[in-house]
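First the structure, in the form of structure tokens, and then the observations on it.
The values are calculated or read from the model by the stated rules, or taken from the named source; none is laboratory data. Predicted, not measured: the structure shown is a model, and the values here were computed from it. So basically every Cβ, Gly included, is an ideal-geometry build from the backbone, and we count neighbours across all protein chains shown. When the accessible area is computed, the model is the full protein with side chains, heavy atoms only, and any ligands, DNA or RNA have been set aside. Shrake-Rupley method; radii C 1.70, N 1.55, O 1.52, S 1.80 Å.
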Amino acid sequence: MALLKATKLSIVFGGLRAVSNFNVEIAPGELVGLIGPNGAGKTTAFNLLTGVYQPTEGQIEFDGKSTVGLKPYQITQRGIARTFQNIRLFADLSVLDNVKIAYHFHVKYGLVESMFRIGRYHKEEAEIEEKAIKFLEIFQLADKKDEIAKNLPYGEQRRLEIARALAAQPKLLLLDEPAAGMNPQETQQLMEMIRWIKKEFNLTILLIEHDMSLVMGVCERIYVLDYGSIIAQGTPMEIKNNPRVIEAYLGEEV
Amino acid sequence: MLKTKFTKLVSIMVSGLMLAGLVAGCGGSGGQQADVIKLGANLEMTGNNATFGQSATNGAKLAIKQINAKGGVLGKQLTLVVADNKSEAAEAANAMQKLVTQDKVVAVIAPIASSSVIAAAQVNADNKVLAISPTASNPKVTVDPNTGKVRDFNFRAAFIDPFQGSVMATFAQKSLKAKTAALYIDNTSDYAKGLGQFFKETFEKNGGTIVANEAYLAKDTDFKATLTKIKSQNPDVVFVPGYYQEVGMIIKQARELGLTVPFLGGDGWDSAKLPEIGSATALNNTFFSNHYSPDDNSAAVKDFVEAYKQEYNQTPDAFAALSYDATMMVIDAMKRANSADPVKIKDELAKTKEYQAVSGLISFNASHDPVKSAVIIEMKDGKQTFKEKVNP
Amino acid sequence: MKLLQKTKSDIMALVACLAVYAIIQTLILTDVIGPFWQLNIVLIGINIILVVSLNLINGFTGQFSIGHAGFMAIGAYVSAVLTVKFQLPFIAAIAGGALGAGALGFAIGLPTLRLNGDYLAIATLGLGEIIRITILNISYVGGASGFMGIPRYTDFTWMFAFTVFTVFVIKNFIDSTHGRACISVRENEIAAEAMGVDTTKYKVLAFTIGAAFAGVAGSLFSHYFYIAHPASFTFMKSFDILTMVVLGGLGSISGSITAAVLLTFVSAALASYPEWRMIIYSLMLIILMLYRPQGLFGNKELSLKMLSRWTGGKKHGSTQGN
Amino acid sequence: MDSSSLIVQFGQQLINGISLGSIYALIALGYTMIYGIIRLINFAHGDIYMVGAYAGFFATTMFKFSFIPALIFSMAAAGVIGMVIERVAYRPLRNAPKIAILITAIGVSLFLEYGGMLLVSPQPRTFPVLFESEVYNIGGMVINSQQVVILVVSLLLMVILTYVVNKTKMGKAMRAVSFDTEAAQLMGIDVDKVISFTFGIGSALAAAAGVLVGIYYNSIDPLMGIMPGLKAFVAAVLGGIGSLPGAMLGGTILGIIEALVSGFWSSTFRDAVAFAILIIILLWKPAGLLGKNIREKV
Amino acid sequence: MAMLKVDDINVYYGAIHALKGISVEVNQGEIVTLIGANGAGKSTTLRTISGLLKPKTGQIMFEGKNIAGMAAQNIVKLGISQVPEGRRVFAHMSVLENLDLGAYLRSDTKEIKADMDMVFGRFPRLAERRGQLAGTLSGGEQQMLAMGRALMSRPRILLLDEPSMGLAPLLVKEIFSIVKDINETGTTILLVEQNAHMALSIANKAYVLETGRVILSGDAKELAASEEIRKAYLGG
């Protein structure tokens, strides 16, 4: 059974159909890419899947249940985490606190316990701290845990954003252009990391990317979006040689 | 930022509060200088009532200047320490605290607004320093409503509300033959509300009907909506016990709307600005109660008005006059007590009998309210003219 | 072990508080601190409660509220009604004031916190005025004359206890997962949602807690000055509190405390120059904002590192700005 | 009360409301322009209105100007002051946190109020009578000539403003800057100059309102700007902040609402009702009646 | 001498080092294109030339004058006009008003009128819609308007940022032929484009950008034939 299944998803912004008839099916454990030229509607599709926008029509099923109408935080709690194209870290917070916030909805202690530091507070806070540091160690950010997020170099900000998303313990991870702004070397490292986290956390991943070396390198299957609709899908090899894709990307041969 | 320890927070508090202690320690030691006697003024220098407070300050300053020119009191010069109460009750208590404990004044010209006097009353009573309000007219200013007892250290120079309110009600019914009246009250002023309440009580007791009971807020400028409503009720008279700035605008706008009936009010009307704001013609057929009449040829009035004009290039209003009177009465009490001891001054002030003030012959009754006759003034072509005199 | 360390720091803080309390209380009892400065110390405490609670809303949760005086008014009046009309003990009245203000904060926050930025600001400003005008028209609590005859229950001890309590509770709240959720709303609402934070819930929660503590401040205020008067709770009062929050630094509790102490002092010190008081005050605001728009401490807490940087010059300070 | 008198009373309240509303509208126009261009709630705007009233007062009393020259003098003076304030207090903070600029605006507001008090004394001043007021009676409803003047001058200024904003080069630049500052820069528009000009015009309009109020109500004082300033902002938000027709509509509606509330209920609740309506409008239509909604891009 | 010479500029967005020593040269009368994937720094380069961003180091020489760090409006005055990414027309203003704003710095009313006729001649669809609000135009029409608006300042060099973005293929062709036309009437053009084939087909010279650096440059026709471009976009 598919982990994520979007059927006939469409959204209209002021008369403009930004995404139309978007059909995607992802099986558990898959690593799928979503590509397309600038302005094709990829991020809009992500926003639909994560509840930031509500679809004008269509269905989204995650883990066998519909997520249409849910708020973004509810969808995250169901098990979909994401990163953003233009990094959205909690910029003024420390690296550690960024990760801690991802544990938020797993925390059980209540308001009164927090205000007076009683009951489960100390135990759970210690647990969170420990888990968060462990996480940062995995992502080689532990030595920077007290650094303010916005002061990290760009590549590390990207890494932190992924770490933060994973800390929410999702089943499905959506990555929105994780390699944007990275140099080839960093992109290479990122590729390895994506493969590794997929295995380590037993994840399903859907990623949007412009950097073809990355997409072609890590994805098992690729969807191509152009003018809001899926125009092709298949393995990296198939996609690379698909004339419709080439045309969408490079333009018509003149 | 989430990392910093609570201790560090506390260290801030420590240093802050230590600083407080330090400053307090230094500040508290300043005492009475030998050659001057300090009077305090706890007045509305900023905020909504700044206009009134600054007039009152001028009145008090003039009194002190005159006394000092004549050699001062008890061989010493007087100074006035002004503290701003920002037109707020709580700040009045604060200012009072400062005057009596920091500046060690021997008496205080207390706030304009009744609520501020009441808020500060405990402070000056605890410190045994008298406060005399130029204008606060609510009965609670001198009588504690919880105990029913007179506040030992609180005085006033103005009439109390019941007196003025009932004087005007009687005047409306007897002299103007009014059967119905409308009330139009400044809802932010307890003075105006007090006058309104006692006007209503007396008016209804004597068989009249109040056909409209409306309110405005200080600093309003447009009254036409409510005046239109009042007009539709056809009252014989309209009672507007507010302050001159709004009253002037109210009467002007009422006349424009064709509301021609007499308008009545209290001492808050007394200002040379009233006919300027309201226009002389609009103010015809209006009456208000006051402490004195400028027609009064008494030397006290004339001298005061002249001196004030010379000093400030303005005509004094009621706030200035009453504040001048309050200050002069305190100085007079000081002279009679032959002492600058606050308690002795208080005792003498309570005994004041037939003191010739700008606002008439004043005696204090048992509840520290001035007993003085009121005059009713009619506005004629922008001039205040004497209508009748009402004795208490 | 970490746990132990934390508890230790809490105990240290408590000891420090008690020490401060003992020192000042002794100074008061021995009359070293005269009544005028006593009064100002109480005002400082009340202002700290107001500023820290508003900072929770504006600084930590990033919601632009400028109607705090309204909640203070609710606290002042509700508690006064409870002590004067129902003869309840002071502590119950404070609880009542906090509850009343908190409940209203919740009821108001639920619909209005959907608004963003300036729109929320103007809505809260309007709400503060509505509260004040409504009180002005309730004769049961004295209307325009104010609610008089309130007993003076607040003293230095009460004020100190509640100031420490407020700072303690809000600081703890911020250091918890709930506080982090609030801060994440400020930092990036969309990312916060994506991290599973129910942003609406936390906005309303911060607003409610902030309002409740403003209610506590109001209760202490009315039971110190014998009176609750509508003129004490105008939007100018809200601006005063907001000014302290911004001056201290949005998101800095130590900044809030410092600003409350500083501005209360400035205000008291300027009382002798009434004509110039507001002019100096306003110029100070403008100049401070021009030269330090992020407030004294930015969003950082005062720390020893910061102090050493100030005193030791900026040579070895870090290169990062704020 | 019979129904015909009720209709007359209602009509009278409408007249009262519209003349009050046109004052709010004039102040609101400046608010909305300034907000539109730099997204600042300029709390000092109400005080500019006060400054304008005083400028008009001194023009008529000291320099013996008649109505029109006094109005122009006052608008020019306030315009310059508005530009100076922008230059000194707001421009250096253009990239600072928004709340810092807001605090600065509060500071400027207090400075004008209390500086004014020190300079011209807190005592209210009475405006000289510039023209005799005549009262016209139409079927029981009363309008006086000053109300007519207020209405005519306000309308005239609004027409001129609409012309300036829609037809002139500077007006187009203003709209361009407020819609997309960066794209405007690419057109070669000097953004600082345009913002300065906007403050000038907005302040001049507020000053005109101040002079009209001075003539109409006859009394001005240094704190006169606080409430009308706040109300005008409510009016601007009501109509849709950033929209000129919105400000005019909002001002008029607010004036009428206030008149009706005072006339048929109680003037003590007038301000509360005004704010309540503001909040309801905000919740129902956050961008105001004629405003446009902008959504954040994810 | 090159008309526009971007010399080793470094630009930062906060902590992000967006342009790492980019150098670009444009000669009078040429079409030069910057191509590369999203996030490569193409738009940032144009924004820096236009004065919307300030380079931390490096020079931008325009006709012998260093314009790096100059205010945007003064750069427009010198004759550099940009059609920004996403068109950014003034949506609530009419087509005519948008064009008027393009001529903001000019006061020669007669010639403005003539230029406007020239723009309408070039974009007949705009002429039909001259009174319409720009926000109601279709994407292609908005692109034309943005270009017309930029031409109204009589630029010596026109900077075009992704003119084909989001447009249907037929429209893209139309836009490119217009770009070529504009160039032929004497305006130098610096073109940023994702649609590499299209861009290379009309350009004289091209620079391929990747993560803030120029990785390849040369004659457009030669680049078009090379495999390198395909790799840069679709991976190796």
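Numerical summary
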{"quantity": "Heavy-atom surface of segment E:146-236, accessible at 1.4 Å and reported per residue (Å²)", "calculated": "36"}
{"quantity": "Loop sites in segment C:127-216: trypsin sites (Lys or Arg not before Pro), DSSP, at most 15 other Cβ within 10 Å", "calculated": "C:ARG152"}
{"quantity": "Angle between chain D longest axis and helix D:169-179 axis [Cα atoms, degrees, rounded to 10]", "calculated": "80"}
{"quantity": "Computed E for B:PHE386/B:ASN313 - FRET, C-beta separation, R0 25 angstrom, nearest 0.05", "calculated": "0.40"}
{"quantity": "Calculated from backbone phi, Karplus (6.51, -1.76, 1.60) coupling profile of segment E:88-101 in Hz, x at Gly/Pro", "calculated": "6, 6, 7, 4, 8, 10, 6, 4, 4, 5, 4, 5, 4, 5"}
{"quantity": "Summed side-chain charge close to D:LYS98 - residues other than D:LYS98 whose Cβ falls under 9 Å, Lys, Arg +1, Asp, Glu -1", "calculated": "0"}
{"quantity": "Summed buried accessible surface, chains C and D, 1.4 Å probe, nearest 100 Å²", "calculated": "3600"}
{"quantity": "Segment D:143-298: C-alpha pair distances exceeding 29 Å, %", "calculated": "26"}
{"quantity": "In chain D, lysine pairs closer than 29 Å at Cα, eight or more apart or cross-chain", "calculated": "20"}
{"quantity": "Charge context of B:PHE155, other residues only, Cβ under 13 angstrom, K/R +1, D/E -1", "calculated": "-2"}
{"quantity": "D_trans [Stokes-Einstein, Kirkwood Rh over alpha-carbon pairs] for segment A:96-254, 4 °C, 1.567 mPa s, µm² s⁻¹", "calculated": "72"}
{"quantity": "Per-selection metrics, chain C (Cα): Rg and Dmax in Å", "calculated": "19.8, 63"}
{"quantity": "Antiparallel bridge percentage (DSSP; both residues within the protein assembly as shown; nearest 5)", "calculated": "50"}
{"quantity": "Three-way shape call for segment C:72-200 based on the alpha-carbon gyration tensor, with the a/c threshold at 1.5", "calculated": "oblate"}
{"quantity": "Kirkwood hydrodynamic radius of segment B:210-316, from inverse mean 1/r over distinct Cα pairs, in Å", "calculated": "14.9"}
{"quantity": "q = 0.26, 0.30, 0.34 Å⁻¹: log10 I(q)/I(0) that the Debye formula gives for segment D:105-148, counting C-alpha atoms only", "calculated": "-0.89, -1.01, -1.10"}
{"quantity": "Degrees, to the nearest 10: A:184-200 long Cα axis against longest axis of chain A", "calculated": "70"}
{"quantity": "Whole-number percent relative contact order across segment B:232-280, with pairs defined as alpha carbons under 8 Å at least 6 apart", "calculated": "52"}
{"quantity": "Whole-angstrom gap from segment B:334-365 to segment A:22-65, using each part's C-alpha centre", "calculated": "88"}
{"quantity": "Residues in segment C:75-122 occluded by at least 40 Å² - accessible area, probe radius 1.4 Å, against chain by itself", "calculated": "C:LEU115, C:ASP118, C:TYR119, C:ILE122"}
{"quantity": "Three-way shape label, segment A:95-157, alpha-carbon gyration tensor, a/c 1.5", "calculated": "prolate"}
{"quantity": "Longest segment of chain A lacking trypsin sites (Lys or Arg not before Pro) that sit in a DSSP loop with at most 16 other Cβ atoms within 10 Å", "calculated": "A:121-254"}
{"quantity": "Other-chain or far-sequence residues with amide H under 5 Å of E:SER94's (modelled H)", "calculated": "E:ALA134"}
{"quantity": "Residues losing 50 Å² or more accessible surface upon assembly, segment B:249-263, compared with the chain by itself, 1.4 Å", "calculated": "B:LYS252, B:GLU256"}
{"quantity": "Per-selection Rg to Rh, segment A:1-126 - Cα, Kirkwood hydrodynamic radius", "calculated": "1.07"}
{"quantity": "Interface size D-B, as summed buried accessible area [1.4 Å probe, Å², nearest 100]", "calculated": "2900"}
{"quantity": "At least 50 Å² of accessible area lost relative to the chain alone, listed for segment D:157-200 with a 1.4 Å probe", "calculated": "D:LYS169, D:LYS172, D:ARG175, D:PHE179, D:GLU182, D:GLN185, D:LEU186, D:MET187, D:GLY188"}
{"quantity": "Using alpha carbons only: equivalent-ellipsoid semi-axes of segment D:1-152, gyration tensor based, whole Å", "calculated": "35, 22, 13"}
{"quantity": "Solvent accessible area, Å² - C:ILE23, 1.4 Å probe, full protein context", "calculated": "70"}
{"quantity": "Distance between segment A:114-189 and segment D:1-48 - C-alpha centres, whole angstrom", "calculated": "53"}
{"quantity": "Computed over chain C: relative contact order in percent, which uses C-alpha pairs under 8 Å that are six or more apart", "calculated": "29"}
{"quantity": "Surface per residue (accessible, 1.4 Å probe) for chain D, Å²", "calculated": "34"}
{"quantity": "3J(HN,Hα) from dihedral phi, segment D:41-52, Karplus parametrisation 6.51/-1.76/1.60, rounded to Hz, x for glycine, proline", "calculated": "7, 7, 4, 7, 5, x, 6, 5, 4, 4, 4, x"}
{"quantity": "Alpha-carbon centroid distance for the pair segment C:47-115 / segment C:188-261, whole angstrom", "calculated": "9"}
{"quantity": "Total accessible surface hidden between B and C, rounded to 100 Å², 1.4 Å probe", "calculated": "5000"}
{"quantity": "Most mobile of D:PRO97, D:PRO128, D:PRO222 in a GNM of chain D (Cα contacts under 10 Å)", "calculated": "D:PRO97"}
{"quantity": "Gyration tensor verdict on segment D:127-170 (Cα atoms; rounded if a/c is under 1.5, prolate if a/b is larger than b/c, oblate otherwise)", "calculated": "oblate"}
{"quantity": "Furthest towards positive pole of dipole, C:THR154, C:HIS68, C:ALA231, structure part segment C:39-234, Cβ charges", "calculated": "C:THR154"}
{"quantity": "Carbon plus sulfur fraction of accessible area for the protein assembly as shown, probe 1.4 Å, in percent", "calculated": "58"}
{"quantity": "Dipole of chain E, positive end: most advanced residue of E:PRO163, E:MET61, E:ILE229 [Cβ charges, Cα centre]", "calculated": "E:MET61"}
{"quantity": "Kyte-Doolittle mean at least 1.6, axial Cα span of 15 Å or more - DSSP H helices of chain B", "calculated": "B:6-27"}
{"quantity": "Chymotrypsin sites (Phe, Trp or Tyr not before Pro) within segment C:23-76: DSSP coil, no more than 13 neighbouring Cβ in 10 Å", "calculated": "none"}
{"quantity": "Normalised convex hull volume, chain E, alpha-carbon set, Å³ per residue", "calculated": "122"}
{"quantity": "Accessible area in square angstrom per residue, segment B:161-290, 1.4 angstrom probe", "calculated": "27"}
{"quantity": "Amide H contacts of B:GLU388 (H built 1.01 Å from N, under 5 Å, at least 5 apart or other chain)", "calculated": "B:ILE376"}
{"quantity": "Radius ratio Rg over Rh of the protein assembly as shown, counting only Cα atoms, Kirkwood formula for Rh", "calculated": "1.02"}
{"quantity": "Listed residue pairs exceeding 26 Å between alpha carbons, taken from B:LYS65/B:LYS344; B:LYS177/B:LYS389; A:LYS8/A:LYS71; B:LYS76/B:LYS140", "calculated": "B:LYS76/B:LYS140"}
{"quantity": "Antiparallel %, DSSP beta bridges [both residues in segment A:127-254], to 5", "calculated": "50"}
{"quantity": "Mean residue ellipticity (222 nm) of chain A, computed from DSSP H runs ≥ 4 via -39,500 (n - 2.57), nearest 500", "calculated": "-11000 deg cm²/dmol"}
{"quantity": "Compactness of segment D:71-230 - radius of gyration and Dmax, Cα, Å", "calculated": "18.7, 59"}
{"quantity": "Convex hull per residue volume in Å³, alpha carbons only, for chain D", "calculated": "142"}
{"quantity": "Rh by Kirkwood over Cα pairs, then Stokes-Einstein D for segment D:227-298 at 1.567 mPa s and 4 °C, µm²/s", "calculated": "105"}
{"quantity": "Environment charge of B:ALA95, counting only residues whose C-beta is closer than 11 Å and scoring Lys/Arg +1, Asp/Glu -1", "calculated": "-3"}
{"quantity": "Calculated P(r) of segment E:92-186 - Cα pairs past 23 Å, %", "calculated": "18"}
{"quantity": "Exposed chymotrypsin sites (Phe, Trp or Tyr not before Pro) absent - longest run of chain D, DSSP non-H/G/I/E/B, at most 14 other C-beta within 10 Å", "calculated": "D:132-264"}
